[in-house]
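Comments concern the structure below.
The values are calculated or read from the model by the stated rules, or taken from the named source; none is laboratory data. Since this is a predicted model, take the numbers as computed values, not measurements. Neighbour counts run over all protein chains shown; Cβ positions are idealised from the backbone, glycine included. Just the protein is used for accessible areas: all its heavy atoms, side chains included, with ligands, DNA and RNA removed. Shrake-Rupley method; radii C 1.70, N 1.55, O 1.52, S 1.80 Å.
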Amino acid sequence: MVAPLTGPALLLVLSFLCGFVSAQKINVKGEVVYQDTRVSGVVNKAVILECGPTVPDMYIWSFTKPGTEVIKAVVYDLGKGPRFQKLAQTLGQVSLISKSAAVSIEKLPVAAQGLFTCQAIYDIEEDPKIYYYYVHLTVQVPVTKPYLLVSDVSPVEGSTLWMRCNLDNGTGPIQYVWQHETRVGNTSTFAHSNTSVVNVTDVNRNHTGWYRCLAQNPVNSELSDRIWLDIIFGPDVPQIDVTPYTVNERGYSALERETVSLLCQAQSNPPSQYVWFYNNSQVYSGPQFTITKILRMHTGDYACLAQNTYLNTRSKKTISLTVYYPPDGAPGCWLEPALNHTSLKLLCSWTGGFPSASLRWDGDLRLEGQQVQTREQTLTNSGVFRPLGGAATNSSSFMCLGSHPALAQSQQCTARSYIPPAEPVCFAFVTNSREYLMLSCSWDGGAPKALVWWEGPGGQGKAGQENSNILVLRYGTARSGNPYTCHAKHPLLVNTKTCRLTLEAPVLLTQRRVVSVLEGSDVQLTCSLRENYLPANEITWFNNQGVNVKDTSKYQLRRTSAWANLTVRDADEALDSGEYRCTTSNAVGGTEINVTLVVKRHPMPPNATLVNVMYNSRQRNEVELEWVVEGTAGWTGFILEHRWVSERPGRRTAGNATEGRISNTWYHNAIQDPDVRFHTVGSLTPTVTYQFRVTPVNHRTLGLPSEARTPAEPRYNSYPAVIGAAIGGMLFAAIATVLLLIYIIRNRNNNPRLHDLLFGLQHSQSRENINFPEDEVVSGTEGGIEEIAGASTSAPALALPRAASPLTTPAQSATPPTAPPLPPGDDEPVSVTITVKATGP
């Protein structure tokens, strides 16, 4: 550590736009030079701090926090390289610029605001000069996105309100600009201030619209989200528009049968609620009151009441409307059956108008009687017509003429009689609750309408009705196989027409009664209803357990009114094989059909054998497996299983195998690729011994698991070490053997039996070994001393003792000399064992 200097010790020159402190001349008078500058930076941005125009010999950067006089070192260089202090970590990412004393700070924090001092010393060895560079750093913070607060987003017209533009952060001075956007999208500046609050007095409806505020400082500007200001006012006095527009001395007028629209409008926010009154009685709620085909009775006073439910204020306006009308349109003619549908009754009527209109039937119709009835303003003329010969053509028509004093021309109407063009139609249907069976018969068309009635077995029938007739039977009471007859009668026909229904129970069909599928597949069971006019209930499926089948993940139902197909997903031999039942019923009876589902298992896959189970490293946390399969096809994947063997320390069985407790839990790993023959099992515990096995799989059919095997230790290439150890052992053995032979030969007198054992008895007695200089001796007598001749006659002779040779034994001695006894334990051959031990790397 370097002790802080007296006075300002360090200075950081920060500049947001790479601010640069201009170079200064070195004071030739020996005085310390001071420079002062102010720099602004932006938080989280990068700046560069310059310490003089040239690189000083020594410099010290220091920092003084605002409001204090404590000077703390940031970085210094006393000629042996820069040294950063702990304070530098709190001032951002501080670094030195190459070949200068300038400091670069990235990710500038707010804590870096303050006084930075750089004390630079030049020409230390000659005439030292000292410079102080003071930099007052101001860290500016960008304004955040403002958010707008309003004292009341729905003020009442004439009230006051304030709007505030709030900021979470930002360095001043901050300017605020308020913008107003109208409903049509026109934007204007509403206010401009250096404060965040603007007050609005005497609020009016023109202030309605979108508002947002713009906050800006020397660093940046941000715009807030807009907020809607809804001014509450009204309602004003309503304005009523009448369509069609006709004015008389009393107000407005309209012709009868016209459509009159009354539109009421009053300026208000929220929009006014409108209520219409007719002669002080409320008749309608809404801004537009429309009277279609206005009548005489609609004459009167109409008032529109506009009310603002938010302010609980209202305003009202009233108008007078008079309706003028002639008699209603034109006369109306129609036909009715008479005399039990054997004749026609002609009727003509003209409603409305004043005075009443006159009516008459035109032409020679041979009416059996005419009656004219006047009731208030309704005139009715009727007569009975009997077709001649019991029949009439479909083109017969009858005309009624009507006249009124207020009309320039008479009005007429025509009635036409005809037989229904088609034949009667019969059909049956069942109610949703399955409580009743409906037999419907209709004979549409014709004028007048035909008479229709039912007759059925056992007195089941229904009296006649016009145009259509429905016979209602309780569900299940219908007679199977017996016809139900519908009769239809028209006044223009002598004979009746009929249609019949014969009710039958439903019949179900299926494509296959026995369906076979392999396990794991989806199979569809079909069931359809044979064509039958009598509607049946919904077709229902029951599974092999007799349970009603619904749409689930196991079963899928596709059905219409005529068929229902059941799909069994992911068929399983044990769960899904068996009888499935399809049932339905109608009002006559029920039926069912059985479908047998046979789920077959896939063939047994061939056996698999583990051929290699070995750890792939000495860490023993991964095992490489390799297996072979006996066959070329018939499997879809494999299941690799492993279990652990917990070792008991200190217990080893024969063959150095671990004796331990084997877990009964096999952990599975499925392989769905049938072509895979290798796999690596990882995340194993090195201190635990595992067993592995592989089981082939053919879809859902499991094969026999292979024999469980324990992983072997990884192989190492010790062949060079073994060869080297063997060669070294052989060399060592050869040298030891040669040395042993030399020792035996030189000491054959001390160990004659060993000598004879290695070289042979006869050979050692008949031949003299002169391979060594000491063997060149002068022949002597038994037990004598041999003299070894030297190269010089003056050299002293060396006398060596020798064992007596059998060849030198005197001839008179028939008994060979007795060999001296061997020491105990020397009567067996000497064996030499050479052990070669090879060790791995």
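So which residues in the stretch 186-217 are surrounded by 17 or more Cβ atoms within 10 Å (Cβ to Cβ) and at positive phi?
Across the stretch 186-217, the qualifying residue is only 209.
Considering only strands (runs of 3 or more DSSP E) fully contained in the stretch 343-455, which possess at least 2 residues that are over 30 Å from residue 535 (Cα atoms) and at pLDDT 75 or above? Quick ask: steps written out before the conclusion?
Working: elements: 343-351, 358-362, 370-375, 378-385, 397-403, 411-416, 425-430, 436-442, 451-455.
Where strands (runs of 3 or more DSSP E) fall fully within the stretch 343-455 and carry at least 2 residues being over 30 Å from residue 535 (Cα atoms) and at pLDDT 75 or above, they are 343-351, 358-362, 397-403, 411-416.
Hey, among the residues in the stretch 617-632 that are in a strand (DSSP E or B) and either β-branched (Val, Ile, Thr) or free of Cβ contacts under 8 Å to residues at least 60 places away in the same chain (or both), which one's most open to solvent (accessible area, probe 1.4 Å)? Steps first, please.
Kept after step one, since they are in a strand (DSSP E or B), are these residues of the stretch 617-632: 623-629.
Next, only the ones that are either β-branched (Val, Ile, Thr) or free of Cβ contacts under 8 Å to residues at least 60 places away in the same chain (or both) stay: 623-624, 626, 628-629.
On the way: 623: 0, 624: 86, 626: 55, 628: 68, 629: 25 Å².
Across the stretch 617-632, the extreme among qualifying residues is 624.
Do we find that residue 641 is at pLDDT 90 or above, exposed (fewer than 15 other Cβ atoms within 10 Å of the Cβ), acidic (Asp, Glu) and not in a loop (DSSP other than H, G, I, E, B) in this structure?
No, not satisfied.
With respect to residue 442, determine if the residue is under 30 Å from residue 398 (Cα atoms) and either buried (at least 16 other Cβ atoms within 10 Å of the Cβ) or under 60 Å from the mean Cα position of the chain (by Cα) (or both). Break it down stepwise before answering.
Details: under 30 Å from residue 398 (Cα atoms): yes; either buried (at least 16 other Cβ atoms within 10 Å of the Cβ) or under 60 Å from the mean Cα position of the chain (by Cα) (or both): yes.
Answer is yes for this residue.
Quick check: anything in the stretch 482-502 within 60 Å of the chain's Cα centre (by Cα) and part of a loop (DSSP other than H, G, I, E, B)?
No: the stretch 482-502 contains no residue that is within 60 Å of the chain's Cα centre (by Cα) and part of a loop (DSSP other than H, G, I, E, B).
Check residue 188 against each of (1) touching a residue at least 12 places away in the same chain (Cβ under 8 Å); (2) closer than 16 Å to residue 209 by Cα and name the one condition it does not meet.
Every condition holds for residue 188 apart from (1).
I'd like to verify a number: residues in the stretch 152-185 that are of a type in the set (S, T, N, Q), modelled with pLDDT under 90 and crowded, with 17+ Cβ neighbours inside 10 Å, how many?
Qualifying residue count, the stretch 152-185: 1.
Select from the stretch 1-57 the residues that are at pLDDT 50 or above and of a type in the set (Ser, Thr, Tyr) and write down the one among them that is nearest to residue 82 (Cα to Cα). Full working, then the answer.
Initial filter on the stretch 1-57 (at pLDDT 50 or above): 27-57.
Add one more test, that the residue is of a type in the set (Ser, Thr, Tyr), and what stays is 34, 37, 40, 54.
Details: 34: 23, 37: 24, 40: 26, 54: 16 Å.
It comes out as 54.
So which of 492, 503 ends up being buried (at least 19 other Cβ atoms within 10 Å of the Cβ) and closer than 30 Å to residue 416 by Cβ?
Answer to the check: 492.
Can you tell which of 71, 60 is under 20 Å from residue 38 (Cβ atoms), in contact with a Leu (Cβ under 8 Å, 6 or more places away or on another chain) and either of a type outside the set (S, T, N, Q) or at pLDDT below 90 (or both)? Break it down stepwise before answering.
Values: 60 fails: under 20 Å from residue 38 (Cβ atoms).
Exactly one of 71, 60 is under 20 Å from residue 38 (Cβ atoms), in contact with a Leu (Cβ under 8 Å, 6 or more places away or on another chain) and either of a type outside the set (S, T, N, Q) or at pLDDT below 90 (or both), namely 71.
Return a yes/no flag: does the stretch 218-239 have any residue that is within 30 Å of residue 312 (Cβ to Cβ), part of a strand (DSSP E or B), in contact with a strand residue (DSSP E or B) (Cβ under 6 Å, 6 or more places away or on another chain) and open to solvent by 80 Å² or more (accessible area, probe 1.4 Å).
Yes, some residue in the stretch 218-239 is within 30 Å of residue 312 (Cβ to Cβ), part of a strand (DSSP E or B), in contact with a strand residue (DSSP E or B) (Cβ under 6 Å, 6 or more places away or on another chain) and open to solvent by 80 Å² or more (accessible area, probe 1.4 Å).
If only one of 306, 357 is over 30 Å from residue 238 (Cβ atoms), aliphatic (A, V, I, L, M) and crowded, with 16+ Cβ neighbours inside 10 Å, which one is it?
None of the other options fit; the residue is 357.
Please go through the stretch 318-342 and give me each residue that is in contact with a strand residue (DSSP E or B) (Cβ under 7 Å, 6 or more places away or on another chain), over 22 Å from residue 252 (Cα atoms) and not in a strand (DSSP E or B), ordered by number.
330, 331, 341 - these are the residues of the stretch 318-342 that are in contact with a strand residue (DSSP E or B) (Cβ under 7 Å, 6 or more places away or on another chain), over 22 Å from residue 252 (Cα atoms) and not in a strand (DSSP E or B).
I'd like to know if the stretch 228-248 contains one or more residues that are more than 30 Å from residue 274 (Cβ to Cβ), touching a Leu at 6+ places or on another chain (Cβ under 6 Å) and not hydroxyl-bearing (Ser, Thr, Tyr). Quick ask: steps written out before the conclusion?
First, the residues of the stretch 228-248 that are more than 30 Å from residue 274 (Cβ to Cβ): none.
There is no residue in the stretch 228-248 that is more than 30 Å from residue 274 (Cβ to Cβ), touching a Leu at 6+ places or on another chain (Cβ under 6 Å) and not hydroxyl-bearing (Ser, Thr, Tyr).
Out of all the residues in the stretch 129-151, which are more than 24 Å from residue 222 (Cα to Cα) and either modelled with pLDDT under 85 or among the charged types (D, E, K, R) (or both)? Even if it seems obvious, please write down each step before you answer.
Restricting attention to the stretch 129-151, the residues satisfying the condition of being more than 24 Å from residue 222 (Cα to Cα) are 129-137.
Across the stretch 129-151, the qualifying residue is only 129.
Hey, could you check the stretch 309-322 for residues that are touching an Asp or Glu at 6+ places or on another chain (Cβ under 7 Å) and either within 30 Å of residue 270 (Cβ to Cβ) or among the aromatic types (Phe, Trp, Tyr) (or both) and say which is surrounded by the most Cβ atoms within 10 Å (Cβ to Cβ)? Spell out how you get there, then give the answer.
Start the filter on the stretch 309-322 by keeping residues that are touching an Asp or Glu at 6+ places or on another chain (Cβ under 7 Å), which leaves 315, 318, 320.
So of that shortlist, the ones also either within 30 Å of residue 270 (Cβ to Cβ) or among the aromatic types (Phe, Trp, Tyr) (or both) come out as 315, 318.
On the way: 315: 17, 318: 14.
Ranking the candidates gives 315 first.
If I go through the stretch 546-605 residue by residue, how many of them are among the polar types (S, T, N, Q), farther than 30 Å from residue 478 by Cα and either touching a residue at least 40 places away in the same chain (Cβ under 8 Å) or surrounded by fewer than 14 Cβ atoms within 10 Å (Cβ to Cβ) (or both)?
Initially, the stretch 546-605 is screened for residues among the polar types (S, T, N, Q), giving 548, 552-553, 556, 560-561, 565, 567, 577, 583-586, 591, 594, 596.
If we keep only those that are farther than 30 Å from residue 478 by Cα too, we end up with 552-553, 556, 567, 577, 596.
Add one more test, that the residue is either touching a residue at least 40 places away in the same chain (Cβ under 8 Å) or surrounded by fewer than 14 Cβ atoms within 10 Å (Cβ to Cβ) (or both), and what stays is 552-553, 567, 596.
Summing the residues that are among the polar types (S, T, N, Q), farther than 30 Å from residue 478 by Cα and either touching a residue at least 40 places away in the same chain (Cβ under 8 Å) or surrounded by fewer than 14 Cβ atoms within 10 Å (Cβ to Cβ) (or both) in the stretch 546-605 gives 4.
Can you pull out the residues in the stretch 71-86 that are assigned to a loop (DSSP other than H, G, I, E, B) and either farther than 20 Å from residue 135 by Cα or of a type in the set (A, V, I, L, M, F, W, C) (or both)? Before you say what the answer is, go through the steps one by one.
Narrowing the stretch 71-86 to residues assigned to a loop (DSSP other than H, G, I, E, B): 78-81, 85.
Residues satisfying the conditions are 78, 79, 80, 81.
Kindly provide the set of residues from the stretch 323-346 that are open to solvent by 20 Å² or more (accessible area, probe 1.4 Å) and within 30 Å of residue 259 (Cα to Cα), ordered by number.
324, 325, 326, 328, 329, 330, 332, 333, 334
Please work out if residue 149 is open to solvent by less than 40 Å² (accessible area, probe 1.4 Å) and closer than 30 Å to residue 196 by Cα.
So residue 149 fails the test.
So which residues in the stretch 281-297 are surrounded by fewer than 13 Cβ atoms within 10 Å (Cβ to Cβ) and among the polar types (S, T, N, Q), if there are any at all?
281, 282, 285, 292
Looking only at the stretch 88-119, count how many residues are part of a strand (DSSP E or B), open to solvent by 10 Å² or more (accessible area, probe 1.4 Å), within 15 Å of residue 75 (Cα to Cα) and of a type outside the set (Ser, Thr, Tyr).
The total comes to 5.
Would you confirm, using the coordinates I've provided, whether residue 122 is open to solvent by less than 10 Å² (accessible area, probe 1.4 Å), more than 54 Å from the chain's Cα centre (by Cα) and not β-branched (Val, Ile, Thr)?
The answer is no for residue 122.
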